[in-house]
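Input: a single structure, listed below in structure tokens.
The values are calculated or read from the model by the stated rules, or taken from the named source; none is laboratory data. Remember, it's a predicted structure, so these values are computed and weren't measured experimentally. When we count neighbours, we look across all protein chains shown, and the Cβ atoms used for this are built from the backbone with ideal geometry, even at glycine. For the accessible areas, the whole protein counts, side chains as well, though only heavy atoms, and no ligand, DNA or RNA atoms are used. Shrake-Rupley method; radii C 1.70, N 1.55, O 1.52, S 1.80 Å.
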Amino acid sequence: QVQVVESGGGLVQAGGSLRLSCAASGRILSIKTMGWFRQASGKQRELVAVITRGGTSDYADSVKGRFTISRDNAKNTVYLQMNSLKPEDTAVYYCWLIQGQDYWGQGTQVTVAS
């Protein structure tokens with residue numbers, strides 16, 4: 001089994017920044033794609049950003065230009081740099097990866113106060 005653990009969430013004022021980290025461990029062979037989803041209260045989980053092993057990334061329109069996803073393949077870690085945060089970014093953020101099947105982290109709460 002692969003374990004996925006996020007960190008870096010918290011409370012931040014609007015306009016501030018946070019950096020989320022996600023480290024995968026366990027039976028790691030080759031992780032094709034890693035990314036971040038988020039789920040706000042009362043809403044469905046939505047894609048925030050994804051990145052392939054080769055470094056190709058994609059973003060939701062709502063975060064484009066504000067968030068940056070990156071990964072360190074040697075450390076099996078993916079990051080999400082979140083700048084210019086808005087109250088609408090408030091959600092539980094989940095790390096996600098593909099290695100034969102989907103794996104999910106436990107989620108980390110991000111709260112953006114106005």
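Apart from one condition, V63 fits all of (1) under 20 Å from A91 (Cβ atoms); (2) open to solvent by less than 50 Å² (accessible area, probe 1.4 Å); (3) without any contact (Cβ under 8 Å) to a residue 40 or more places away in the chain; (4) not in a loop (DSSP other than H, G, I, E, B); the exception is (4).
Among the residues of segment 33-54, the ones that are surrounded by 12 or more Cβ atoms within 10 Å (Cβ to Cβ), basic (K, R) and not in a strand (DSSP E or B) come to 2 in all.
Sub-9 Å Cβ pairs linking a first residue in segment 18-38 that is without any contact (Cβ under 8 Å) to a residue 40 or more places away in the chain and within 15 Å of G100 (Cα to Cα) to a second residue that is open to solvent by 40 Å² or more (accessible area, probe 1.4 Å) and not in a loop (DSSP other than H, G, I, E, B), at least 6 apart or interchain, are G26/Q3, ordered by first then second residue. The set of residues in segment 76-106 that are open to solvent by 10 Å² or more (accessible area, probe 1.4 Å) and closer than 17 Å to V63 by Cβ comprises Y79, Q81, N83, S84, K86, P87, E88, T90, V92, Y94, W96. Name every residue in segment 5-32 that is in a strand (DSSP E or B), open to solvent by less than 50 Å² (accessible area, probe 1.4 Å), closer than 14 Å to R71 by Cα and of a type outside the set (D, E), in order of residue number. Those that are in a strand (DSSP E or B), open to solvent by less than 50 Å² (accessible area, probe 1.4 Å), closer than 14 Å to R71 by Cα and of a type outside the set (D, E): L20, S21, C22, A23, A24.
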